[in-house]
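Working notes, structure below.
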Amino acid sequence: QCQLTGLWRNDQDSLMEISVLRDNGDFQGQYLTRVTLSGSCAQISPLSGAQQQLGEEGWPTFAFTVRWDKFSNATTAFVGQCFVDAGGKETLSTMWLLREAVGSLEEDWKATR
């Protein structure tokens, strides 16, 4: 069984901590990215999301958003699934979309990564 609560590190050396996982699957935490749009010092950003509740079998899927409001006018949405290998190691496999604010509808094409 995968447990989302705890401290996670990604391949870019960013840290995510999920500190609250409610019975209904909602969770909260914080994200410290080492990769920034502005090139400034990384700061802690709030995250919130939800985990799909499963029975005892299967690996849970989840989604969460991170507001980069301390250093960037952007939001990222992550979706993923938690896996456990034969040795008991938990791994989160995710995909993400980042949306930053642009000044006009004509610039909309460059706002999502």
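The values are calculated or read from the model by the stated rules, or taken from the named source; none is laboratory data. As the structure is a prediction and not an experimental result, all values here were calculated from the model. Here the Cβ positions follow ideal geometry from the backbone for every residue, glycine too, while neighbour counts run over all protein chains shown. Heads up: the accessible areas ignore ligands, DNA and RNA and are worked out on the full protein's heavy atoms, side chains in. Shrake-Rupley method; radii C 1.70, N 1.55, O 1.52, S 1.80 Å.
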Do we have any residue at all in the range 91-108 that's within 18 Å of ARG34 (Cα to Cα), charged (D, E, K, R) and out of contact with any helix residue (DSSP H, G or I) (no Cβ under 9 Å at 6 or more places or on another chain)? yes
In the range 80-97, is there at least one residue being free of Cβ contacts under 8 Å to residues at least 12 places away in the same chain, open to solvent by 50 Å² or more (accessible area, probe 1.4 Å) and more than 21 Å from ILE18 (Cβ to Cβ)? yes
Among (1) in contact with a Ser or Thr (Cβ under 9 Å, 6 or more places away or on another chain); (2) under 18 Å from ASP11 (Cα atoms); (3) modelled with pLDDT under 95; (4) not basic (Lys, Arg), where does THR91 come up short? (1)
Every residue in the range 3-25 that is in contact (Cβ under 8 Å) with a residue 24 or more places away in the chain and surrounded by fewer than 13 Cβ atoms within 10 Å (Cβ to Cβ), please. GLN3, ASN24
Do the conditions hold for GLY39, that is, is it modelled with pLDDT under 90 and at positive phi? yes
Would you point out the residue of the range 98-107, among those that are surrounded by 10 or more Cβ atoms within 10 Å (Cβ to Cβ) and farther than 17 Å from GLY49 by Cβ, that is modelled with the highest pLDDT? GLU107
Search result, residues across the range 50-79 that are open to solvent by 20 Å² or more (accessible area, probe 1.4 Å), in a strand (DSSP E or B) and polar (S, T, N, Q): GLN51, THR61, THR65, THR75
So, of the residues in the range 26-36 that are surrounded by 12 or more Cβ atoms within 10 Å (Cβ to Cβ) and in a loop (DSSP other than H, G, I, E, B), which turns out to be modelled with the lowest pLDDT? THR36
